[in-house]
Amino acid sequence: MGRGLFTGIVVALLVAGLLMLLVINTSMAQGAFRVQDLQQAKAKLSESEAMLSESVSAAAAPVALEGRARAMGMIPTERPVFLTVPDGKVLGKPRLAGTKKRPAGSAVVDARPKPSAPAEVPAQASAPKPRPDVPLDAAPDPGTTR
């Protein structure tokens, strides 16, 4: 009975080992199929991202922006005017766009702050705060001509 028992235990261990190998192999195959599906999804998303980036770039192009501005009724000016943020000083001579001279009845908005009674304002609060939606290098240089 000693040899039969030993043989039975060895055969049982071999069968258990083979079953474990079968389970491991099956789970690895399922993982490989999952990886393949994820790679295909990644390729589709990368293609979609490239198309969306291209459409954003096309929409942000100067020609496209000009076309949308004209569709809204805007017209280009020949001499742009710039405002300095801290003091509201106007750089340039304001004119209505599309005209050589300002018509007699037209008004130019004064962007300078109105003088008021001096108030105690902490130095930190009086400094202009940067806007997070406007990049620092987006402001045009007033010394350049277009």
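Where a number appears in this text, it was derived from the coordinates with a stated rule and is not lab data. The shown structure was predicted, so the numbers you read here are calculated from the model rather than taken from an experiment. Note that each Cβ is placed from the backbone with ideal geometry, even for glycine, and that neighbours are counted across all protein chains shown.
Numbers for the structure displayed
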read-out	value
Ellipsoid semi-axes in whole angstrom, largest first, where each is sqrt(5λ) of the Cα gyration tensor of the range 2-67	63, 5, 4
³J(HN,Hα) computed for each position of the range 77-90 - Karplus, 6.51 cos²θ - 1.76 cosθ + 1.60, integer Hz, glycine/proline x	9, 7, 10, x, 10, 10, 10, 8, 5, x, 10, x, 5, 8
The range 1-103: relative contact order in percent, alpha carbon pairs under 8 Å with at least 6 residues between	12 percent
Additional length obtainable on full extension of the chain from L96 to Q40, 0.36 nm per residue less Cα span	14.6 nm
Where GluC sites (Glu not before Pro) fall in DSSP loop in the range 40-81, at most 14 other Cβ within 10 Å	E78
